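Worksheet: one structure, shown below.
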Amino acid sequence: MYTKGSPPTRSAAMFTLPFSVTLLTFLTILVFLGFGQRILDRMRLTDKEAVIILLLMIVGHFLPTISLTSRVALNLGGLIPIGVALYLLFTASSLERGRAAGVSLISAILVFLTDKLLPLQPGLLDPVFSGGIFAGLTATVWGRSRRSAFIAGLLGVFLVDLASLVQLWLQGLQQEITLGSGGLFSSMVVCAFLAVLITEVIGEIREAIHLGGSSNE
């Protein structure tokens, strides 16, 4: 993920490898135990599909980084969440596909702009979190889709990282660039689940308010 004045692949260092692995492992156990079924239903995922996705993302943490050129390297693990996002995107309905793509693009633009315009220490709007925040809020406004939120949490972060890599290349900076670094991987994982959590919480609050208002009529 991009941060001001530094390569995008270094900004998520605050999320270490064990954190992401622990998060994914914890979620996998919850799915095995039957928790979160309502969220999975809203994302139109079966338990089996959810477990496979989570296990693939765990495995991705341990895949190696390979050199493509003298200045460009590729972290193979970074391909896993991108592949997951594309799978969810292309197996969705045409309406959902367009909505998820739109939410992803809007989220990426908002992350990129706030990262450029806000102070160096933006707090919760640090790119590590803002991808999930913007994806969750945008998905809530645009159809309240948990699936779109999850996809945007992954692709939005990736698009910002890709744009930042292009920016570094255009500036002609002489430094090694790693595509899909461990930091990017962790940011994508955190943002995807944060986006779903935000969409789910707001949805539950809206339902509670609606039911509360109906019962008082």
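The values are calculated or read from the model by the stated rules, or taken from the named source; none is laboratory data. Keep in mind that this is a model prediction, so the values were computed, not measured. Glycine gets a Cβ as well: all are built from the backbone with ideal geometry, and neighbour counts include every protein chain shown. Just so you know, the surface numbers come from the protein's heavy atoms only, side chains and all, with ligands and any DNA or RNA stripped out. Shrake-Rupley method; radii C 1.70, N 1.55, O 1.52, S 1.80 Å.
Of all residue pairs spaced 6 or more apart or on separate chains, those with beta-carbon atoms under 8 Å, a first member in the range 135-147 that is surrounded by fewer than 19 Cβ atoms within 10 Å (Cβ to Cβ) and a second member that is among the basic types (K, R) and at pLDDT 90 or above are W142/R99; G143/R99. Please determine, by comparing only the residues of the range 169-190 that are among the polar types (S, T, N, Q) and closer than 16 Å to G131 by Cα, which one is modelled with the highest pLDDT. Out of the qualifying residues, it is S187. Within the range 148-166, track down each residue that is open to solvent by 20 Å² or more (accessible area, probe 1.4 Å) and in contact (Cβ under 8 Å) with a residue 12 or more places away in the chain. Within the range 148-166, L155, F158, L159, A163 meet the criteria. Looking only at the range 89-100, filter to residues that are out of contact with any Asp or Glu (no Cβ under 9 Å at 6 or more places or on another chain) and touching a residue at least 40 places away in the same chain (Cβ under 8 Å); which one of those is farthest from A135 (Cα to Cα)? If we take residues in the range 89-100 being out of contact with any Asp or Glu (no Cβ under 9 Å at 6 or more places or on another chain) and touching a residue at least 40 places away in the same chain (Cβ under 8 Å), then A92 is farthest from A135 (Cα to Cα). Residues in the range 35-70 that are part of a loop (DSSP other than H, G, I, E, B), open to solvent by less than 80 Å² (accessible area, probe 1.4 Å) and either at positive phi or touching a strand residue (DSSP E or B) at 6+ places or on another chain (Cβ under 6 Å) (or both): G36 alone.
If you check G78, G153 for being touching a Gly at 6+ places or on another chain (Cβ under 6 Å), modelled with pLDDT under 85 and assigned to a helix (DSSP H, G or I), only one passes: G78.
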